[in-house]
Amino acid sequence: MAGLEELKKKLVPLFDAEKGFSSDSALDPSDSYMLSDGGTVNLLSQSYGVYNINELGLQKRPSWPVEDAADSSEKNFRCASHEMRIFGAIGSGASSVVQRAIHIPTHRIIALKKINIFEKEKRQQLLNEIKTLCEAPFHQGLVEFYGAFYSPDSGQISIALEFMDGGSLADIIRVHKCIPEPILSLLVRNLLHGLRYLHGVRHLVHRDIKPANLLINLKGEPKISDFGISAGLENSIAMCATFVGTVTYMSPERIRNDSYSYPADIWSLGLALFECGTGDFPYRANEGPVNLMLQILEDPSPSPSKRDFSPEFCSFVDACLQKNAEARPTAEQVKLEWLLSHPFITKYEDVDVDLGAFVRNIFDPLQRMKDLADMLTIHYYLLFDGHDDLWQHTRTLYNEYSILSFSGKEYVGQSDIFSRLSNIRSTLAGEWPPEKLVHVVEKIQCRAYGGDGVAIRVSGSFIVGNQFLVCGEGVQVEGLPNFKDLSIDIPSKRMGSFQEQFIIEPAGNVIGCYIIAKQELYIVQ
């Protein structure tokens, strides 16, 4: 017992239950950062180069010759702040806020992760995240990266990421309690490819693997996210010596503040797998962080019930949760085959497992469809009633097979539809721009259409004004005034009314992109 008390004394300075990790164990300091008069943030990484971020996007360039040719290339990510349509927060953490947005030129629904650059620790996390994502923007098993931009007014850098519309594994087990073994097997197989890249190619320890950072989209593609506290190792035998990450999923060697390496992520993956499979976290996490760390150090490693779970599942989890880090497998290239050939991974290779169907059945499909309908409807009318330069992007909302029906005629294809809508738009605008007619959307209805499409019916009024408005309680867009605050009497200002129907379909295999397949417009004077 005396030994436990002594160990507890050692652990207390590492963690303050009220404030988080102590300043003595903070992240490695960022090499440097500079804010230019022109509104560009320059982040300097000793190992990767310089990242220049402004309102128009991100440019990565090497600051000196490096051995790795992939690291020495200049990279540009066009991702401008004025090209974003932001629809409110979908989550937040200790260092960032995540919002849904539509990238106007591509009409793609994305996630925007916003981080304040003026706080040193957050700045280091930002640099870590950008370094990792910039070098692997479309790698299997990692959330996709589209770019970043700086907003001088808020002092925030926004990272544009793939919108994982299925949420996280933490969201799934909150609703479904536990995930069946065949689903978990396929999930882990895909996630191992992401870990292999982080460990074997980028030489990074993620340091925060947990269900909340393991995301999945409605197509059934699981991906690792949140690289803010990842640490780079120069080679496969180097070790970390910092104390950061979520203590709940932290490996024993990290809690002891020993040096650690890639096996620390495998412990975290095993613990996340245990929780997702059984529906229970194996330690008592409600007794404070120090007691939790003592449990991880002193209690036997958790093991799934041999009575309730397959031998293959139990064997895989047991291998990941070895107290001795050297006894754990890793996702490095040399040991990847052992992990991917484990019986738990191979057992279900010939079984028809539909991850997408599983995820889609977890959550309320009606609410997700309504959110999608609200976002795309608002996006369309903001383009229609907005500036001419933004209106030009409307053309790419259609393809060569799209059909517009208006006034008894049909228009087929991108060019014909855009030309006809532009004429209608000019007529509504009139000859004196401040007096143009704009849409007020009063009702939005939607239903499922086909496999992945959605049918949207919109009705509303035309009033004299300079900005599109939407009534109701649906999704709100940043920068659009709340209709309730305007005290507008629609009946007295109504100059006409409209009804419009859209058939929206996914744009090929591109996640988050949609096209208007069919549109019917009725205008009543």
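Worth pointing out:
- Reported count of residues in the range 198-220, each being outside any loop (DSSP other than H, G, I, E, B) and in contact with a strand residue (DSSP E or B) (Cβ under 7 Å, 6 or more places away or on another chain), is 9.
- Residue in the range 161-177 that is polar (S, T, N, Q) and modelled with pLDDT under 90 present: no
- Residue that is nearest to Lys223 (Cα to Cα) [pool: residues in the range 178-193 that are modelled with pLDDT of 90 or more and not aliphatic (A, V, I, L, M)]: Asn190
- Counted residues, the range 254-310 - those being over 17 Å from Ala212 (Cα atoms), of a type in the set (Asp, Glu) and surrounded by 21 or more Cβ atoms within 10 Å (Cβ to Cβ): 0
- For first residues located in the range 99-128 and farther than 22 Å from Gly155 by Cβ and among the aliphatic types (A, V, I, L, M), partners that are at pLDDT 90 or above and outside any strand (DSSP E or B) and lie 6+ apart or on another chain with Cβ distances below 7 Å form the pairs Ile102/Met375; Ile102/His379; Ile104/Glu83; Ile104/Leu390; Ile104/His393; Ile109/Phe163; Ile109/Met375.
- Subset of the range 255-277 (residues that are in contact (Cβ under 8 Å) with a residue 24 or more places away in the chain, of a type in the set (D, E, K, R) and within 17 Å of Thr330 (Cβ to Cβ)): Asp265
- Neighbours by Cβ (under 6 Å, 6+ apart or cross-chain): first from the range 484-506, within 20 Å of Tyr398 (Cβ to Cβ); second in a strand (DSSP E or B) and open to solvent by 50 Å² or more (accessible area, probe 1.4 Å): Phe498/Ile523; Gln499/Tyr522; Gln501/Arg457; Ile503/Tyr449; Ile503/Lys518
- Selection count where residues are open to solvent by 30 Å² or more (accessible area, probe 1.4 Å) and aliphatic (A, V, I, L, M), scope the range 462-506: 4
- Residue check, Ile90 buried (at least 20 other Cβ atoms within 10 Å of the Cβ) and of a type in the set (Val, Ile, Thr): no
The values are calculated or read from the model by the stated rules, or taken from the named source; none is laboratory data. In this text, all values refer to a predicted model and were calculated from it rather than measured experimentally. Glycine also receives a Cβ, built like all others from the backbone with ideal geometry; neighbour counts cover every protein chain displayed. Areas reflect the complete protein model, heavy atoms only, side chains present, ligands, DNA and RNA absent. Shrake-Rupley method; radii C 1.70, N 1.55, O 1.52, S 1.80 Å.
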